[in-house]
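Q: Handing you this structure, nothing more for now.
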Amino acid sequence: METPSSTIKVTALSEFKSMTKAGLAFSVVFSTLAGYLLAVEDFQQIDYLKLLMLAVGGYCMVGASNAYNQIIEKDLDAKMDRTSKRPIASGRVSKNNAFILATALTIVGLVILYIVSPKTAMFGAISIFLYTSVYTPLKPLTPLAVFVGAFPGAIPFMLGWVAHTDQFGIEAGTLFLIQFFWQFPHFWALGWFLFNDYEKGGFYLLPTRKKDKKTALQVILYCVWLIIASLLPATGFTGRLYLSPIAAVLVLLAGLWMLYGGIQLYRKQTDKSAKTLMLISVTYITLIQIIFILDKFLR
């Protein structure tokens, strides 16, 4: 039988996961760890303590960004079906308590990432600043918010590389570019099938503010840019970040799958095709990161 104290603990954990968007945070942490594994020379060079600190520090930073976001968008979240039950929007957690949590996560995250490497902490701080102070306020004002939000969203993949090398070079820049271009078809697909709900909160995230062929055409364009960016390591011009021919073919096939989803959205212009593209995009980013890692350690 559950005791009152155990019930409180379960509830607190549930609210914490909701405020920090645990699912999203874990996917971001995976991207960061993937970047770290790509940076090390071999398995013997992996520093598992640093890997753990990177995971915890990364979760803290993403969690803080999401909590700040929910504080700022409390009233707007309350208007949308998808977000009205969030802890802050529903009133279950006060803005003051949420702010204390977000600030504590920021401080803890920055300290941990600084111990990993100063540049890692710097990029982590830039990510939080852009997400909370630029992207979030712009969301109700202009679709360009998606472009701004793509910058902090692209940092995690390259952050792992910087954590190991304490340098931002062509390799980290390429990882940044891949995740940067990926976000446009991903978020526009999300903005498409959730258009009516976003509209309740005053958010118009599609590039034309409408579910039309022009928006779908831009989705296709960014899928093409994504394919090109993902294949750059196969050219041999991205330093230590390299893809073998076999891995390049697999990455290309994954990219063509994503492009197919974009083309289907252009042809059908339905919420179902947009949702399918969103699901493809989530699978795609994890899949190519796994391909990059396996290619590095198996070739």
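Q: With 14 Å as the cut-off, how large is the P(r) tail for region 77-125, expressed as percent of Cα-Cα pairs?
A: Working: 717 of 1176 pairs.
Result: 61 percent of Cα pairs exceed 14 Å.
Q: Treating only the Cβ of Lys, Arg, Asp and Glu as charged (+1, +1, -1, -1), what charge dipole size does region 91-230 show about its Cα centre? Round to the nearest 20 debye.
A: Working: 10 positive and 5 negative charges, 108 e Å.
With Lys and Arg at +1 and Asp and Glu at -1, about 520 debye.
Q: What number, in percent, do you get for the relative contact order of the chain if the mean sequence gap of Cα pairs under 8 Å and at least 6 apart is divided by its residue count?
A: Values: 430 pairs, mean separation 54.7, N = 299.
Relative contact order here is 18 percent.
Q: Over the Cα atoms of region 14-127, each weighted equally, I'd like the Debye log10 I(q)/I(0) at q = 0.23 Å⁻¹, rounded to two decimals.
A: For region 14-127 at q = 0.23 Å⁻¹, log10 I(q)/I(0) is -1.19.
Q: Let me know the shape class of region 81-157, please: from the alpha-carbon gyration tensor, a ≥ b ≥ c as square roots of the eigenvalues, rounded when a/c is under 1.5, otherwise prolate if a/b is greater than b/c, or oblate.
A: Working: a/c = 2.68, a/b = 1.22, b/c = 2.20.
It comes out oblate by the Cα gyration axes.
Q: Solvent-accessible area of Ile246, probe 1.4 Å, all protein chains present, reported in Å² to the nearest ten, please.
A: Here the residue's solvent-accessible area equals roughly 130 Å².
Q: Provide the FRET efficiency to the nearest 0.05 for the Asp271-Phe237 pair, computing r from the beta carbons and using R0 = 45 Å.
A: My answer for the efficiency is 0.65.
Q: Now a separate question. Cut-off 10 angstrom, C-alpha nodes, Gaussian network model of the chain. Which of Ser127, Ser65, Ser27 fluctuates the most?
A: Ser27
Q: While we're here: Report the residue, chosen from Lys211, Lys268, Lys95, that carries the largest GNM mean-square fluctuation when the chain is represented by alpha-carbon nodes joined by springs under 10 Å.
A: Result for the chain, Cα springs under 10 Å: Lys268 fluctuates most.
Q: Leaving out same-chain residues fewer than 8 places away, which lysines sit with a Cα under 29 Å from that of Lys95?
A: Within the straight-line limit of under 29 Å, Lys95 reaches these lysines: Lys9, Lys17, Lys21, Lys74, Lys79, Lys85, Lys139, Lys200.
Q: Using a Förster distance of 35 angstrom, determine the FRET efficiency expected from the C-beta separation of Ile46 and Val111, and round it to 0.05.
A: On the way: r = 22 Å, r/R0 = 0.64.
Computed FRET efficiency for Ile46 and Val111 comes out at 0.95.
Q: By the gyration tensor of its Cα atoms, with a ≥ b ≥ c the square roots of the eigenvalues, what is the shape of region 158-234: rounded for a/c under 1.5, prolate for a/b over b/c, or oblate?
A: Values: a/c = 4.36, a/b = 2.00, b/c = 2.18.
In terms of gyration-tensor shape, oblate.
Q: Please list, by residue number, everything in region 55-72 whose backbone N is under 19 Å from a paramagnetic label point 7 Å out along Cα→Cβ of Asn96.
A: 68, 71-72
Q: Could you tell me the calculated FRET efficiency between Arg209 and Asp75, based on Cβ-Cβ distance and R0 = 25 angstrom, to the nearest 0.05?
A: Details: r = 21 Å, r/R0 = 0.86.
For Arg209 and Asp75, the calculated efficiency is 0.70.
Q: Taking the Cα centre of the chain as the origin and placing charges on Cβ (Lys, Arg +1; Asp, Glu -1), which of His186, Ala22, Gln269 is farthest toward the positive end of the dipole?
A: Gln269
Q: Right, another one. For the chain, with only Lys/Arg (+1) and Asp/Glu (-1) charged at the beta-carbon, what is the dipole magnitude about the Cα centre, in debye rounded to 20?
A: Details: 26 positive and 16 negative charges, 187 e Å.
Roughly 900 debye, rounded to the nearest 20.
Q: Restricting to DSSP H runs of at least four residues, report the calculated mean residue ellipticity at 222 nm for the chain, -39500 (n - 2.57) per run over all residues, nearest 500 deg cm²/dmol. All intermediate terms of the calculation are to be shown ahead of the outcome.
A: Numbers: 12 runs with 221 residues, N = 299.
So the calculated ellipticity at 222 nm is -25000 deg cm²/dmol.
Q: Next up: Relative contact order (percent) for region 53-142, with alpha-carbon contacts under 8 angstrom and 6 or more residues of separation? Kindly include the intermediate steps, with their values, before the conclusion.
A: Numbers: 89 pairs, mean separation 35.6, N = 90.
Reported relative contact order: 40 percent.
The values are calculated or read from the model by the stated rules, or taken from the named source; none is laboratory data. Keep in mind it's a predicted model, so treat the numbers as computed, not measured. Neighbour counts are summed over all protein chains in view; Cβ atoms, including those assigned to glycine, are modelled from backbone coordinates with ideal geometry. Ligands, DNA and RNA are stripped out before the accessible areas are found, and what is left, the full protein with its side chains, is counted by its heavy atoms. Shrake-Rupley method; radii C 1.70, N 1.55, O 1.52, S 1.80 Å.
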